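These notes concern the structure reproduced below.
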Amino acid sequence: MSITVERVTKYYGTQKALDNLSFEVKTGEIVGFLGPNGAGKSTMMKIITGFIPPSSGRVLLNGIETGCDDPEIRRKIGYLPENNPLYPEMYVREYLGFVASFYLSGKERQKAVDEIIELTGLVPEQNKKIGSLSKGYRQRVGLAHALIHNPEILILDEATSGLDPNQIVEIRSLIKEAGKEKTVLISTHIMQEVEAICSRIIIIDRGTIVADDPKEKIYSRIMQAIQTVKVEFDRQPDEKELASIPGVISVSRTGSNMFIIEAESKADIRPHIFSYAVNNNLTVLSLIRQESNLEEVFRKLTA
Ligand code: ADP
Ligand code: MG
């Protein structure tokens, strides 16, 4: 089942959270929805899932317009909201039975609960109170909730935020497994997050799309956007002058005569640094090109 977002704009009062957004997620695709905090990711997901209406524009599922009033929308979509709101006083199995009762009854409901507990690795925790679970297990309960009615579409909002590295790996593989035959849109503000799961990435910033490309293309675009070099001089240069070398974006000091310099990647910055040194009677002790930190560059790309 495909998702088509057509020219969606959303205002909260007078504040524009989404500005004329259009994109498509094809059947079976796993798409990463990236952007800094406040970009509008959660808002877009709430509109797709029919929790809130857009101010203008529309969302289509398999080409058919949908919205908050469509009773079928809950059946088609599994949704893990940001911060995963759950009932802390309910027991895991009890809660999932309650959720399943919206869709199924009798033996079928029982079977769905058993299967989802198994799939999400909740067997040992099934008779515990949700409030007593670790964050990782609570996230599994949220995923179980989203998956219990076997929806064709999964919308996961910051599914791994707040988890420790082991939990992240487990939840990711769970999403990958569960998403095999589904259309998945997964939001995150962490660049690396999508690496493991997604094939395509949409980046939004301040309510507009800044990139929508296959993962590899986004990576090379980001890697090409900025070059980082580490340079050491024999004595201290004038930092302001260093920053005014053509192409230099930023200069940060990491030691007494050591600097990390970020520059536009149009041309290699190293010859410019070298001639700056020569003109200022400085000796370059070392000059090394560094791999860009994805996270850092992503921050710059959307700055
Ligand atoms: P993200 O999920 O990318 O962090 P959100 O969709 O939560 O972004 O928020 C987008 C913008 O809309 C932010 O500026 C946020 O403060 C604002 N916003 C989100 N929800 C509401 C709301 N219910 N009422 C008013 N403003 C909101
Ligand atoms: Mg959000």
inquiry  = Can you tell me which residue is nearest to Thr4 (Cα to Cα) among those in segment 60-83 that are within 16 Å of ligand 2 (Cβ to nearest atom), touching a helix residue (DSSP H, G or I) at 6+ places or on another chain (Cβ under 7 Å) and open to solvent by 20 Å² or more (accessible area, probe 1.4 Å)?
reply    = Tyr79
note = By residue number, the members of segment 45-54 that are outside any helix (DSSP H, G or I) and either touching a residue at least 60 places away in the same chain (Cβ under 8 Å) or within 12 Å of ligand 1 (Cβ to nearest atom) (or both) are Thr49, Phe51, Ile52
Considering residues of segment 3-36 that are near ligand 1 (Cβ under 8 Å from one of its atoms) and modelled with pLDDT under 95 only, the residue surrounded by the most Cβ atoms within 10 Å (Cβ to Cβ) = Gly35
query = What number of residues within segment 139-172 are assigned to a helix (DSSP H, G or I) and either within 16 Å of ligand 2 (Cβ to nearest atom) or crowded, with 20+ Cβ neighbours inside 10 Å (or both)?
reply = 11
key: Exclusive hit being within 28 Å of the chain's Cα centre (by Cα), open to solvent by 60 Å² or more (accessible area, probe 1.4 Å) and touching a residue at least 24 places away in the same chain (Cβ under 8 Å), set Arg270, Arg206   = Arg206
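Does Thr183 satisfy the criteria of being under 18 Å from Met45 (Cβ atoms), in contact (Cβ under 8 Å) with a residue 12 or more places away in the chain, surrounded by fewer than 16 Cβ atoms within 10 Å (Cβ to Cβ) and out of contact with any helix residue (DSSP H, G or I) (no Cβ under 8 Å at 6 or more places or on another chain)? So that I can check it myself, show each step before the final result.
Working: under 18 Å from Met45 (Cβ atoms): yes; in contact (Cβ under 8 Å) with a residue 12 or more places away in the chain: yes; surrounded by fewer than 16 Cβ atoms within 10 Å (Cβ to Cβ): no; out of contact with any helix residue (DSSP H, G or I) (no Cβ under 8 Å at 6 or more places or on another chain): yes.
No.
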ask   = Can you spot a residue in segment 224-237 that is at pLDDT below 90 and under 30 Å from Lys10 (Cβ atoms)?
value = yes
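Considering only segment 113-126, I want to know if a residue exists there that is open to solvent by 60 Å² or more (accessible area, probe 1.4 Å), of a type in the set (A, V, I, L, M, F, W, C) and closer than 28 Å to Ile3 by Cα.
The initial filter retains those residues of segment 113-126 that are open to solvent by 60 Å² or more (accessible area, probe 1.4 Å), namely 114-115, 118-119, 123-124.
Restricting the remaining residues to those that are of a type in the set (A, V, I, L, M, F, W, C) gives 119, 123.
Cutting the leftovers down to closer than 28 Å to Ile3 by Cα gives us 119.
Among the residues of segment 113-126, at least one is open to solvent by 60 Å² or more (accessible area, probe 1.4 Å), of a type in the set (A, V, I, L, M, F, W, C) and closer than 28 Å to Ile3 by Cα, which makes the answer yes.
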remark   = Note on Ala39: of the conditions (1) open to solvent by 20 Å² or more (accessible area, probe 1.4 Å); (2) in a loop (DSSP other than H, G, I, E, B); (3) closer than 23 Å to Asp19 by Cβ, unmet is (1)
ask   = Which ones in segment 1-41 are in contact with a Pro (Cβ under 8 Å, 6 or more places away or on another chain) and basic (Lys, Arg)?
value = Lys10
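Quick check on segment 82-119: of everything there that is out of contact with any Lys or Arg (no Cβ under 8 Å at 6 or more places or on another chain) and not in a helix (DSSP H, G or I), which residue is farthest from Gly142 (Cα to Cα)? Before the answer, list the steps.
Residues of segment 82-119 that are out of contact with any Lys or Arg (no Cβ under 8 Å at 6 or more places or on another chain), as a first pass: 82-83, 85, 87, 93-96, 98-99, 104-112, 114-116, 118-119.
Restricting the remaining residues to those that are not in a helix (DSSP H, G or I) gives 82-83, 85, 87, 104-105.
Numbers: Glu82: 10, Asn83: 10, Pro85: 8, Tyr87: 11, Leu104: 18, Ser105: 21 Å.
It comes out as Ser105.
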ask   = Failed condition for Glu193, given (1) closer than 15 Å to Lys26 by Cβ; (2) open to solvent by less than 70 Å² (accessible area, probe 1.4 Å), with all others met?
value = (1)
query = Is there any pair linking a residue in segment 22-44 that is closer than 17 Å to Pro81 by Cα to one that is in a loop (DSSP other than H, G, I, E, B) and within 6 Å of ligand 1 (Cβ to nearest atom), with Cβ under 8 Å and at least six apart or on different chains, and which?
reply = Lys41/Gly35
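The values are calculated or read from the model by the stated rules, or taken from the named source; none is laboratory data. All of these numbers come straight from a predicted model, not from anything done at the bench. Reconstructed Cβ throughout: ideal geometry from the backbone, glycine too, with neighbour counts over all protein chains shown. Protein only, heavy atoms only, side chains kept; ligands, DNA and RNA dropped before computing areas. Shrake-Rupley method; radii C 1.70, N 1.55, O 1.52, S 1.80 Å.
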